1. Under the Karplus relation 6.51 cos²θ - 1.76 cosθ + 1.60, θ = phi - 60°, what is the ordered set of whole-Hz ³J(HN,Hα) values for the range 111-116, x standing for Gly and Pro?
2. Considering the dipole of the range 29-135 built from charges on the beta carbon (Lys and Arg +1, Asp and Glu -1) around the Cα centre, which of Y106, F121, V135 is farthest to its positive end?
3. Note down the Stokes-Einstein diffusion coefficient of the range 27-136 in µm²/s, whole number, using a Kirkwood radius over alpha carbon pairs, 10 °C, and 1.306 mPa s.
Amino acid sequence: MRSLSLRIVLALSVALVAFSSRTIAQEGNPQGRWSGRWQSESTGHSGPMNVSIRPTSNGNYQARFTGRFALVIPFAYRAELVPQTTSQGQTVLTSSKKLGPILGSYQMNTQIVGDSLSGGFQAAGDRGTITMRRVR
């Protein structure tokens with residue numbers, strides 16, 4: 001009986017450590033799927049947005065954003081996200097891309113806190129916010 005109890009305690013301990021390690025490893029790690037919304041502060045437009053983020057060989061992340069503009073117009077774009085860790089231990093992801101002479105440049109700064117990704121974007125005279133949650 002004592003041997004069975006010890007095995008159960010040991011199995012529960014291993015499971016708890018494995019779960020805790022997975023949770024700690026995900027904190028600040030942008031890899032995975034996220035879902036949320038974008039909101040333009042300039043125009044008031046908003047819509048749903050999803051992103052799939054995966055690591056690249058150079059330590060950055062490749063992100064594929066998809067969403068909707070004006071409720072029915074789909075969009076999709078890729079961005080390279082550059083991670084930085086703040087002095088408070090939070091992960092900040094930045095991205096910038098030249099869109100051409102007419103549209104100028106696109107810039108995004110987001111921050112991960114727990115299972116939330118939030119931040120802002122700026123492009124072609126527009127600026128706004130992004131708020132997302134990790135999809136499990």
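1. 9, 10, 10, x, 9, 10
2. Of the options given, the answer is V135.
3. Working: Rh = 14.2 Å.
Rounded, D is 112 µm²/s.
No value in this document is a laboratory result; all are computed from the given coordinates. Please read these numbers as outputs of a predicted model, since none were measured by experiment. Cβ sites come from the backbone with ideal geometry, for glycine too, and all protein chains shown count toward neighbours.
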